[in-house]
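Dropping a structure here in structure tokens format, bear with me for questions.
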Amino acid sequence: MSNWILLRGLMREQRHWGRFPGQLAAALPDAAIVTPDLPGNGERHAVRSATQVAQMVEYCRRDLRARGIEPPYSLLALSLGGMAAVEWSSRYPDEVERCVLINTSMRPYSRFHQRLRWQNYPSIVKQMLCGGMENQERLILRLTSRAGDAAERAGLLQRWQDYQREYPVTRANALRQLWSAARFRAPAARPAVPLLVLASAGDQLVDHRCSLRLAQAWDAPLALHPGAGHDLPLDDGPWVAASVAKWLGGEKGA
């Protein structure tokens with residue numbers, strides 16, 4: 001049994017994975033899927049968010065051990081979660097069996113305007129200054145997903161708004177998470193664990209070339225989805241699960 005730890009991104013919680021944990025479990029029948037919340041999000045919404053990615057890692061390590069979930073871990077991480085996965089793999093390689101990075105970006109391999117597409121600056125600033133919760137979730141959906149028809153997206157938006165009402169992410173915690181992501185810098189050396197990089201050509205939030213450059217710099221295999229948005233597990237979870245299973249098959253056969 002392999003423990004797969006799923007780490008989400010900025011202001012997102014475990015319920016935002018949607019159907020993906022089940023899709024991954026179907027593709028990896030020997031895996032135990034664990035979806036912890038980062039501090040400040042979801043069930044941990046009352047906790048002060050970390051201002052450094054390394055602090056997020058320590059929080060997750062303590063949380064898992066408190067639940068009796070011991071390493072080694074396989075990490076699958078999206079966006080900000082990907083930064084935490086890289087930091088974790090670099091600091092504690094003996095705890096991490098492998099790592100799947102999805103639509104993540106980090107210095108020095110990407111510039112700021114690529115890590116957060118410059119075209120989105122006006123709407124993000126407007127939301128931070130005067131937007132309410134409903135508009136916040138509507139903006140996040142528009143920037144991160146390209147899946148579903150109008151009815152499906154309306155239902156998804158309603159669920160996301162309900163999550164935020166139940167476990168609100170404070171503006172202060174959102175800013176702390178943004179700050180930690182903006183200042184994160186990848187370790188000088190590639191983490192000493194097997195790495196797979198997944199990216200979406202249709203990502204409207206982060207330039208997918210950030211993932212391409214990271215994979216090239218670290219000599220890691222890359223799979224590029226032709227049309228999904230930033231939230232690749234939401235837009236095409238079966239593709240992500242199949243890509244991971246295929247990679248694992250090659251890893252075991254090597």
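The values are calculated or read from the model by the stated rules, or taken from the named source; none is laboratory data. Bear in mind that the values here come from a model prediction, so they are computed numbers and not experimental data. Cβ sites come from the backbone with ideal geometry, for glycine too, and all protein chains shown count toward neighbours. These area figures cover heavy atoms from the full protein model, side chains too; ligands, DNA and RNA do not enter into them. Shrake-Rupley method; radii C 1.70, N 1.55, O 1.52, S 1.80 Å.
Which of the residues spanning segment 162-175 are modelled with pLDDT of 90 or more and either among the charged types (D, E, K, R) or closer than 15 Å to residue 12 by Cβ (or both)? If you could, list the steps in order and put the result at the bottom.
Of all residues in segment 162-175, those modelled with pLDDT of 90 or more come to 162-170, 172-173.
Listed by number, the residues that qualify are 162, 163, 164, 165, 166, 167, 168, 169, 170, 173.
Additional query: Which members of segment 199-223 meet the condition of being closer than 16 Å to residue 109 by Cα and open to solvent by less than 30 Å² (accessible area, probe 1.4 Å)?
Across segment 199-223, the qualifying residues are 199, 206, 207, 210, 211, 214, 215, 218, 220.
With the requirement that a residue be more than 17 Å from the chain's Cα centre (by Cα) and either open to solvent by 60 Å² or more (accessible area, probe 1.4 Å) or at positive phi (or both), what does segment 184-197 give you?
Looking only at segment 184-197, we keep the residues that are more than 17 Å from the chain's Cα centre (by Cα), and these are 187-194.
Correct list: 188, 189, 190, 192.
Determine if segment 172-188 includes at least one residue that is without any contact (Cβ under 8 Å) to a residue 12 or more places away in the chain and over 23 Å from residue 40 (Cβ atoms).
Yes, segment 172-188 contains a residue that is without any contact (Cβ under 8 Å) to a residue 12 or more places away in the chain and over 23 Å from residue 40 (Cβ atoms).
To continue, here is another question. Considering each of 37, 63 in turn, give the residue that is in a helix (DSSP H, G or I) and open to solvent by less than 40 Å² (accessible area, probe 1.4 Å).
Working: 37 fails: in a helix (DSSP H, G or I).
Of 37, 63, the one residue that is in a helix (DSSP H, G or I) and open to solvent by less than 40 Å² (accessible area, probe 1.4 Å) is 63.
Counting only residues that are in a helix (DSSP H, G or I) and of a type in the set (Lys, Arg), which one in segment 188-237 is farthest from residue 91 (Cα to Cα)? Even if it seems obvious, please write down each step before you answer.
Filtering segment 188-237 down to residues in a helix (DSSP H, G or I) leaves 209-217, 232-237.
Filter again for of a type in the set (Lys, Arg), leaving 209, 213.
Numbers: 209: 26, 213: 22 Å.
Ranking the candidates gives 209 first.
Quick one: which of 89, 79, 49 is within 14 Å of the chain's Cα centre (by Cα) and either open to solvent by less than 50 Å² (accessible area, probe 1.4 Å) or at pLDDT below 95 (or both)? Give the derivation first.
On the way: 89 fails: within 14 Å of the chain's Cα centre (by Cα); 49 fails: within 14 Å of the chain's Cα centre (by Cα).
The conditions single out 79.
Do we find a residue being under 11 Å from the mean Cα position of the chain (by Cα) and acidic (Asp, Glu) anywhere in segment 12-33? Can you show your working first?
First, pick out the residues of segment 12-33 that are under 11 Å from the mean Cα position of the chain (by Cα): 12-14, 16-17.
Remaining after also requiring acidic (Asp, Glu): 13.
Yes, segment 12-33 contains at least one residue that is under 11 Å from the mean Cα position of the chain (by Cα) and acidic (Asp, Glu).
Take the residues in segment 167-183 that are surrounded by fewer than 17 Cβ atoms within 10 Å (Cβ to Cβ) and of a type in the set (Gly, Ala, Ser), then tell me which one is nearest to residue 220 (Cα to Cα).
The extreme case among them is 182.
Could you figure out which of (1) out of contact with any Phe, Trp or Tyr (no Cβ under 8 Å at 6 or more places or on another chain); (2) open to solvent by less than 10 Å² (accessible area, probe 1.4 Å); (3) not hydrophobic (A, V, I, L, M, F, W, C); (4) not in a helix (DSSP H, G or I) isn't true of residue 74?
Every condition holds for residue 74 apart from (1).
Check 159, 146 and return the single one that is modelled with pLDDT of 85 or more, assigned to a helix (DSSP H, G or I) and open to solvent by 40 Å² or more (accessible area, probe 1.4 Å).
Values: 146 fails: assigned to a helix (DSSP H, G or I).
So the residue among 159, 146 that is modelled with pLDDT of 85 or more, assigned to a helix (DSSP H, G or I) and open to solvent by 40 Å² or more (accessible area, probe 1.4 Å) is 159.
Inside segment 132-143, can you point out the residues that are over 18 Å from the mean Cα position of the chain (by Cα) and part of a helix (DSSP H, G or I)? If you could, list the steps in order and put the result at the bottom.
Step one: list which residues in segment 132-143 are over 18 Å from the mean Cα position of the chain (by Cα), which gives 132-136, 138.
Hits for segment 132-143 are 133, 134, 135, 136, 138.
Within segment 162-214, can you find the residues that are of a type in the set (Gly, Ala, Ser) and farther than 21 Å from residue 230 by Cβ? Break it down into steps so the answer makes sense when it comes.
Looking only at segment 162-214, we keep the residues that are of a type in the set (Gly, Ala, Ser), and these are 172, 174, 180-182, 186, 188-189, 192, 199-202, 211.
Within segment 162-214, 172, 188, 189, 192 qualify.
Here is a check on your reading of the model: is residue 240 in contact with a Leu (Cβ under 7 Å, 6 or more places away or on another chain), in contact (Cβ under 8 Å) with a residue 24 or more places away in the chain, of a type in the set (Val, Ile, Thr) and more than 23 Å from residue 90 (Cα to Cα)?
Numbers: in contact with a Leu (Cβ under 7 Å, 6 or more places away or on another chain): yes; in contact (Cβ under 8 Å) with a residue 24 or more places away in the chain: yes; of a type in the set (Val, Ile, Thr): yes; more than 23 Å from residue 90 (Cα to Cα): yes.
So residue 240 passes the test.
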